[in-house]
Amino acid sequence: MVHRMFPLDLVQAQRDWNRTYAALERRPFRTVALRRQLQRLSVRLASHPYWGTAAGRSPAARVELRQHVRELQEAEGRLTDQQERILACIREWVAARGETPSMREIGRRVGLSSTASVAYQLDRMEQLGVIDRDPGQGRGTGRGIALRW
């Protein structure tokens, strides 16, 4: 299946909704707070501007979003501790600066001294489907990294 490129905030809202729904299923207590949170997330999902675009108007778009997020959550469960730290580093960097960090910057933040080690971990993460990378970018740069969520 070819994945649409969903906005990161929409993917995060769907992930939060999935997590809240799972928590509601597991816990018979605190249901009022969880139901309120689920309702707020449902409104956030339904009112997202993406649904007003041509791609978002497709009847299959919402199903594809749910499937995409499920696949990403499964892939996240297969990450090593090192890969989780790299992913967290990339997310924090993007949130703060609006661009992805270079391999050296990733290495410095997670304690890897070799850019080859960073490249290996990024390759593995790409194979798992957690990130996408632009093959046109140079080997020493992490700028071609695209988060899938």
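The values are calculated or read from the model by the stated rules, or taken from the named source; none is laboratory data. Just so it is clear, the model here is predicted, and its values are computed rather than measured. Glycine gets a Cβ as well: all are built from the backbone with ideal geometry, and neighbour counts include every protein chain shown. With ligands, DNA and RNA removed, areas are computed over all heavy atoms of the protein, side chains included. Shrake-Rupley method; radii C 1.70, N 1.55, O 1.52, S 1.80 Å.
Structural remarks
- Normalised by the number of residues in the chain, the mean separation of alpha-carbon contacts (under 8 Å, six or more apart) gives a relative contact order of 21 percent.
- C-alpha center-to-center spacing [region 1-66, region 115-129] in angstrom: 29
- Overall form of region 5-84 per C-alpha gyration tensor (a/c, 1.5; a/b vs b/c): oblate
- The residues neighbouring residue 93, those whose beta-carbon lies less than 10 Å from its own, together hold a net charge of 0 under the Lys/Arg +1, Asp/Glu -1 convention.
- Taking all protein chains into account, the per residue accessible area for region 1-115 stands at 62 Å² (1.4 Å probe).
- Over all other residues within a Cβ to Cβ distance under 14 Å of residue 124, the charged ones net out to -3, with Lys and Arg as +1 and Asp and Glu as -1.
- Using a Förster distance of 25 Å, the FRET efficiency for residue 113-residue 91 (Cβ separation, nearest 0.05): 0.65
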